[in-house]
Amino acid sequence: MQRQEMSLTRDTDTASQQQMQMQYAGGVKCPHCGAINDPEAIYCGSCGQPIGKTSCPNCGAEMDPDADFCESCRRYIKTDVCSFCGARISSRDAFCPECGNPRGGIVCPVCHTLNDFAFCKQCGTALTDEARQLIAQVHELPEFKEMQKLALEIQQMEQTIPYTSEYEVLKDQRNIKLRERVLTLLAQDRGVVHPVIKEAENHRMTKEEYNAKKKDRLKMISALLDKMAQKPQPKAAQVRNYAMACRPQGVRLAWECNFKHALHSSPCGCAKPQLGGKWIILGKDIKKEINDDI
């Protein structure tokens with residue numbers, strides 16, 4: 001009798017192990033906690049994190065279940081989350097009860113682009129009161145002030161033609177001396193015995209100096225952009241809005257998301273900006289192509 005019970009126990013254990021192996025082979029392992037889920041599961045039954053794929057309700061493209069934006073058809077697809085502030089809304093709400101913005105989007109007053117988000121994806125204009133307030137706050141940050149100062153310096157450099165030969169350098173030096181001589185004589189004619197001539201501003205430099213200085217300024221801006229990189233946040237709208245408010249003017253940028261480490265024209269084109277990301281400066285060293293989301 002005892003032998004029969006032991007044999008029955010072994011058979012039961014073997015069958016249970018076989019069943020578990022079959023379940024493991026056909027199931028989906030959660031990348032977050034390791035639990036095995038049914039093949040059709042979209043969210044983990046153990047930890048609740050997304051593990052499967054869903055499809056865009058507009059174009060049918062495959063996408064993650066916690067994505068709020070389809071990168072295939074460029075449409076915001078969440079019907080229960082406000083795209084402007086991230087608050088929960090009802091399908092019956094035409095306007096967000098939290099921020100008051102319309103579900104159908106806002107037309108940019110500058111470039112007339114229809115937008116689902118608080119900043120225009122085309123020209124970057126702030127479209128909501130909250131976005132304008134956020135810009136005012138971010139622009140007071142020491143990092144942003146320094147970054148914008150460097151960007152303005154680069155703009156001024158690009159408006160000045162660098163020297164292309166030694167002859168141009170000598171010619172400019174002669175012109176500076178001639179200017180000082182003329183102003184001195186004019187001042188002496190007015191009775192000024194020892195006139196003090198203000199030195200003329202000359203922003204021109206050699207091409208080598210120009211390239212070295214621009215590279216240095218871009219490196220400093222890049223370090224500040226890294227410092228201001230957006231960390232993961234619960235609401236995608238928070239990341240989009242903060243990143244757009246941090247964008248400096250005067251340099252060519254792309255937004256690198258933490259979701260796919262892809263380059264976007266802005267975080268408005270990323271399906272999961274809640275994972276965070278940062279602005280990077282576009283240049284010759286950047287090999288990736290922008291995933292154009294405009």
Notebook entry, point to check: In segment 42-58, is there at least one residue being under 20 Å from the mean Cα position of the chain (by Cα), surrounded by 12 or more Cβ atoms within 10 Å (Cβ to Cβ) and assigned to a loop (DSSP other than H, G, I, E, B)?
Noted result: no
Checklist line | The listed residue being in a loop (DSSP other than H, G, I, E, B), under 30 Å from Gly86 (Cβ atoms), open to solvent by 30 Å² or more (accessible area, probe 1.4 Å) and out of contact with any Phe, Trp or Tyr (no Cβ under 9 Å at 6 or more places or on another chain), out of His194, His203, His261 | finding: His261
Item checked: Members of segment 157-200 that are among the charged types (D, E, K, R) and in contact with a helix residue (DSSP H, G or I) (Cβ under 9 Å, 6 or more places away or on another chain) -> Glu158, Lys198, Glu199
Notebook entry, point to check: Restricting to helices (runs of 4 or more DSSP H) lying wholly in segment 75-189: which have 3 or more residues that are touching a residue at least 40 places away in the same chain (Cβ under 8 Å) and out of contact with any Gly (no Cβ under 9 Å at 6 or more places or on another chain)?
Noted result: 129-138, 142-158
Note to self: Let me confirm something: among Tyr163, Tyr242, which residue is surrounded by 15 or more Cβ atoms within 10 Å (Cβ to Cβ) and closer than 30 Å to Arg88 by Cα?
What the structure shows: Tyr242
Notebook entry, point to check: In segment 241-257, which residue that is in contact (Cβ under 8 Å) with a residue 40 or more places away in the chain and touching a Ser or Thr at 6+ places or on another chain (Cβ under 8 Å) is nearest to Asp80 (Cα to Cα)?
Noted result: Met244
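Table: residues versus (1) within 46 Å of the chain's Cα centre (by Cα); (2) more than 30 Å from Lys227 (Cα to Cα); (3) at pLDDT 90 or above.
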residue: Lys149; (1), (2), (3): yes, no, yes
residue: Gln159; (1), (2), (3): yes, no, no
residue: Tyr163; (1), (2), (3): yes, yes, no
residue: Ile197; (1), (2), (3): no, yes, no
Margin query: Against the condition modelled with pLDDT of 55 or more, of a type in the set (D, E, K, R) and within 26 Å of the chain's Cα centre (by Cα), how does Asp38 come out, does it pass?
Written below: no
Check: Under 9 Å by Cβ, and 6 or more places apart or on different chains, what pairs join a residue from segment 53-64 that is touching a residue at least 12 places away in the same chain (Cβ under 8 Å) with one that is part of a loop (DSSP other than H, G, I, E, B) and among the polar types (S, T, N, Q)?
Finding: Cys56/Ser72; Pro57/Thr79; Asn58/Ser72; Cys59/Ser72; Ala61/Ser72; Met63/Ser72
Note to self: Pull out all pairs, ordered by first then second residue, where Cβ-Cβ is under 7 Å, the residues are six or more apart or on different chains, the first lies in segment 219-234 and is open to solvent by 50 Å² or more (accessible area, probe 1.4 Å), and the second is of a type in the set (Val, Ile, Thr).
What the structure shows: Gln233/Val239
Check: Has segment 134-147 got any residue that is at pLDDT 95 or above, surrounded by fewer than 11 Cβ atoms within 10 Å (Cβ to Cβ), of a type outside the set (Gly, Ala, Ser) and more than 30 Å from Tyr210 (Cβ to Cβ)?
Finding: yes
Note to self: Taking the conditions exactly as written (closer than 30 Å to Ala136 by Cβ and at pLDDT below 90), does Ile290 satisfy them or not?
What the structure shows: yes
Note to self: Given (1) under 23 Å from Glu71 (Cβ atoms); (2) at pLDDT 90 or above, identify the lone condition not met by Gly104.
What the structure shows: (2)
Check: Do we have Ser72 as within 22 Å of the chain's Cα centre (by Cα), part of a loop (DSSP other than H, G, I, E, B) and modelled with pLDDT of 95 or more here?
Finding: no
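The values are calculated or read from the model by the stated rules, or taken from the named source; none is laboratory data. Computed from a predicted model, the values in this text were never measured in an experiment. As a convention, Cβ positions derive from the backbone with ideal geometry for all residues, glycine included, and neighbour counts pool all protein chains shown. All accessible areas refer to the heavy atoms of the entire protein, side chains included, with ligands and DNA or RNA removed. Shrake-Rupley method; radii C 1.70, N 1.55, O 1.52, S 1.80 Å.
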